[in-house]
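The values are calculated or read from the model by the stated rules, or taken from the named source; none is laboratory data. What you see is a predicted model, and the numbers here were worked out from it, not measured in a lab. Backbone-built Cβ (ideal geometry, glycine too); neighbour counts: all protein chains shown.
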């Protein structure tokens, strides 16, 4: 029967969320999840094409990423998902932090009409962007941070966050010309760690690197330059900041000069460089090791 749900909410453990069944894809209550692939209407865009303000929402896809959103500083204000994912998320949905938050339950077909495509992960969570953190704030207790300049690929940014979380990096600093770390693809590729690893945008680039230097960070400019010292010789300071640049051109010369030391990853067989997320992961591992 269209719109029916064979497994009802009363068969679930006591949930803090409010389960709301959605049978009409046009229901305005699910507008925050609508048209996720639309170039000019996507709800995760802070600024729409043409310069008009967007919703700038943060969207988590899948059970694991939704769980990490609930555990983060991002306040979830709605969920949309199929009944199966509601049940998988049930232990998280008993948390007091989501008390009264609507979980819009829909069939896979209705959900596909809302978001604009079939979502294999079967659940979305949405939050508004919190007040941005400052550079001084995110490095206050950090020992190891990543600094990005010109990294404009969302998948690379997501991978860097995932690598940072797994290899003990405490914070990420965004310099000039970087893509949005809260774009849906970045959050998805990061497996939700873009919501958990603290990050900040440098208001003045690269002069804000002085904030790190004042806190006794050694700023390591990553480069394939053969004249640079091997990475293993650069990571022994008490506080370290790894600075990586855009895929292809790497760090600008201005940013490179703003660092304290230039370091390279030893390469073989004529290869001059690695993908930026891979290079960052090797730097993070060398530091952890």
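Odds and ends about this structure:
- Residue tally, condition assigned to a helix (DSSP H, G or I) and under 18 Å from residue 65 (Cα atoms), over segment 89-102: 6
- Being modelled with pLDDT under 95, surrounded by fewer than 23 Cβ atoms within 10 Å (Cβ to Cβ) and not assigned by TED's automatic domain parsing to the domain that holds residue 42 is a condition met by no residue of segment 101-123.
- Some residue of segment 22-29 being without any contact (Cβ under 8 Å) to a residue 40 or more places away in the chain, loosely packed, with under 13 Cβ neighbours inside 10 Å and more than 19 Å from residue 182 (Cβ to Cβ): yes
- Test result for residue 146, closer than 16 Å to residue 67 by Cα and either buried (at least 24 other Cβ atoms within 10 Å of the Cβ) or not assigned by TED's automatic domain parsing to the domain that holds residue 30 (or both): no
For every residue, the table says whether it meets (1) assigned by TED's automatic domain parsing to the domain that holds residue 150; (2) in contact with a strand residue (DSSP E or B) (Cβ under 7 Å, 6 or more places away or on another chain); (3) surrounded by fewer than 22 Cβ atoms within 10 Å (Cβ to Cβ).
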residue	(1), (2), (3)
188	yes, yes, yes
208	yes, no, yes
213	yes, yes, yes
223	yes, yes, yes
227	yes, no, yes
232	yes, no, yes
245	yes, no, no
248	yes, no, yes
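- Test for residue 48: is it in contact (Cβ under 8 Å) with a residue 24 or more places away in the chain and either under 17 Å from the mean Cα position of the chain (by Cα) or surrounded by fewer than 20 Cβ atoms within 10 Å (Cβ to Cβ) (or both): no
- Scanning segment 235-251 for residues that are more than 24 Å from the chain's Cα centre (by Cα) and under 21 Å from residue 208 (Cβ atoms) yields 237, 238.
- So residue 74, is it in contact (Cβ under 8 Å) with a residue 60 or more places away in the chain, outside any loop (DSSP other than H, G, I, E, B) and within 25 Å of residue 181 (Cα to Cα): no
- Checking each residue of segment 10-21 against the condition of being modelled with pLDDT under 95, under 18 Å from residue 123 (Cβ atoms), assigned to a loop (DSSP other than H, G, I, E, B) and over 24 Å from the mean Cα position of the chain (by Cα) gives at least one match.
- Test: residue 57 is more than 16 Å from residue 14 (Cα to Cα) and either in the same structural domain as residue 35 (by TED's automatic domain parsing) or free of Cβ contacts under 8 Å to residues at least 24 places away in the same chain (or both): yes
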